[in-house]
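Peer 1: Can you read through this structure? Questions will come right after.
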Amino acid sequence: MGSTADSSYDSKHIHTPNDNDNNHTNGIISKPTILHLGDPILYNHTLHSQLSSKYNIINPAPSSLQRSVFKQHLEDKTWGDFSATIRPFWNTGGEMGSWDRELIELLPTSMQVMASAGAGFDWVDTGVLAEFGILYCNGAHASTESVADMALYHILSVFRHMTWSSLAARSSSSDEWTKAHQLIPFESHNPRGHTLGIIGLGNIGHAIAKKVRAAFGMKIIYHDVIQKNADMEREADAIFCPSMEELLKLSDCVLIATPYTGRPLLHAHTLSLLPAGARVVNIARGVCIDEDALADALDSKHISAAGLDVHAHEPRVSERLSKMFNVTLTSHTGGGSVETAMAFEKLVMQNVEAVLEGREALTAVNQGLVDRYRFSRGQKETNGVHGHEEVNGTKAVAESPMSTGGNGGVTNGETSNGVMDAGVGNDNGTPSTAVGNT
């Protein structure tokens with residue numbers, strides 16, 4: 001879901017630092033309210049207690065989160081003028097479905113920040129949130145380690161045909177075991193010395209590059225909308241490709257680690273640019289690949305193997321791909337570890353606490369858009385952060401919010417707009433807000 005740049009700007013939802021209506025009741029200062037969506041805190045109890053001492057935290061029952069009921073509660077102001085929402089776990093608290101204009105327009109004027117677990121945010125329109133001065137903070141760095149590890153598993157699998165070997169061993173068939181034992185050695189390759197092309201060298205892509213270089217000794221090339229600085233490239237020994245077309249032609253294995261841009265990055269044409277026998281790995285979003293085109297390329301043997309942690313129609317998996325022994329499939333568990341869950345939980349609380357206390361958010365996805373809307377109206381503060389001449393080390397620009405796509409090029413280390421060449425850009429030029437792996 002992309003930003004609706006042509007929509008009207010509704011100033012009644014914009015929060016300013018002096019808008020403290022929700023903090024006063026008959027002259028008595030009350031604690032700001034945080035709406036907690038989903039399951040209670042499991043790990044970071046000390047931090048939650050600290051938050052509870054300063055803020056009124058309301059945790060609605062799951063039955064209140066169904067879309068029609070949730071909308072009615074917002075219209076009725078059941079939870080008052082809350083200032084923030086937290087969603088500590090990606091698999092609960094989303095019962096209301098997509099956070100689109102219909103929902104966002106119902107939020108109270110006191111609303112400043114929405115923080116959620118998960119690196120991906122294709123379920124929330126961060127552009128519309130920005131129109132109303134609301135920051136969206138994702139789980140950016142929390143899942144990096146886990147997703148990068150999963151990428152290594154898939155890379156090794158597509159080179160060494162691990163799924164074929166595993167299925168044959170589990171078949172209880174002596175014939176299948178013998179066939180795999182005898183044939184796989186003549187179709188497998190060591191990753192070392194081969195070229196890995198990474199589309200998107202954000203936090204996760206960079207972590208993958210470093211791990212792959214150290215563990216497998218592969219050559220790393222990458223494409224991104226912005227070339228990374230020399231230090232970042234040196235850490236991963238990564239070489240920049242100015243176009244995705246160039247990257248594809250040079251890659252023995254291509255890995256997608258970039259946001260969804262509104263249409264697949266890999267489709268019949270772009271897959272044809274890969275060398276014969278190349279491999280495909282996706283740990284970003286399933287819709288980044290045209291799965292039928294990938295299945296066709298596998299059938300024709302132009303692509304020798306594929307590894308997919310994410311799928312276009314989750315929880316449904318492509319029936320064609322699921323029947324192929326040279327395709328490794330996992331259930332979008334790239335970020336699925338206890339360590340990730342703990343970090344997600346901690347990060348949502350830290351983000352909300354920072355913003356409500358007038359400090360800079362740790363992982364604001366749409367900070368650039370919020371600043372641009374503010375700048376275009378001559379306002380100098382956004383959610384308590386003064387001036388915004390510089391955001392996370394990047395100079396804020398003065399263009400209209402519609403002059404650049406997405407979140408201004410970079411979102412907490414992840415590219416916000418993937419790849420816009422080689423025929424893979426968005427049809428209408430409006431970037432999606434999908435990113436990463438949860």
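The values are calculated or read from the model by the stated rules, or taken from the named source; none is laboratory data. The shown structure was predicted, so the numbers you read here are calculated from the model rather than taken from an experiment. Because the Cβ atoms are built from the backbone with ideal geometry, glycine has one as well, and the counts that use them run over all protein chains shown. Surface accessibility is based on the protein's heavy atoms, side chains included, excluding ligands, DNA and RNA. Shrake-Rupley method; radii C 1.70, N 1.55, O 1.52, S 1.80 Å.
Peer 1: Can you list, largest first and rounded to whole Å, the semi-axes you get for segment 107-178 by taking the square root of 5 times each eigenvalue of its Cα gyration tensor?
Peer 2: 46, 12, 9
Peer 1: Within the set of other residues whose C-beta is less than 13 Å from the C-beta of D309, count the net charge using Lys and Arg as +1 and Asp and Glu as -1.
Peer 2: Its environment carries a net charge of -1.
Peer 1: Sketch the reach of a paramagnetic label on F325 as a point 7 Å from Cα along Cα-to-Cβ, and name the residues of segment 250-293 whose backbone nitrogen lies under 20 Å away.
Peer 2: So the set is 277-280.
Peer 1: What do you get when you divide the Cα radius of gyration of segment 66-129 by 2.2 N^0.38 Å, with N the number of residues?
Peer 2: Rg over 2.2 N^0.38 Å, computed on Cα atoms: 1.06.
Peer 1: Got a number for carbon plus sulfur as a percent of segment 158-243's accessible area, 1.4 Å probe?
Peer 2: The nonpolar share, carbon plus sulfur, comes to 49 percent.
Peer 1: Okay, next question. If I stretch the segment between S174 and R234 completely, what's the gain in nm (0.36 nm per residue apart, minus their alpha carbon distance), one decimal?
Peer 2: 16.8 nm
Peer 1: A further question follows. Once you treat every alpha carbon in segment 70-195 as an equal point and sum by Debye, what is log10 I(q)/I(0) at q = 0.09, 0.14 Å⁻¹?
Peer 2: So the normalised log intensities are -0.50, -0.72.
Peer 1: What part of the accessible area of segment 266-331, given as a whole %, is carbon or sulfur when the probe is 1.4 angstrom?
Peer 2: 53 percent
Peer 1: Need one number for segment 266-364: average projected area of the convex hull over its C-alpha atoms, nm².
Peer 2: Over all viewing directions, segment 266-364 projects a mean Cα-hull area of 8.3 nm².
Peer 1: Please calculate how many Å² of accessible area segment 60-116 carries per residue, with a 1.4 Å probe and no DNA, RNA or ligand atoms counted.
Peer 2: 38 Å²
Peer 1: Something else: Any of K211/K301; K228/K346; K249/K323; K71/K346; K179/K323; K228/K301 with alpha carbons more than 26 Å apart? Name them for me.
Peer 2: Those over the limit are K211/K301; K228/K346; K249/K323; K71/K346; K228/K301.
Peer 1: How do 43-56, 157-170, 107-120 rank on mean C-beta neighbours within 10 Å, highest first?
Peer 2: 107-120, 157-170, 43-56
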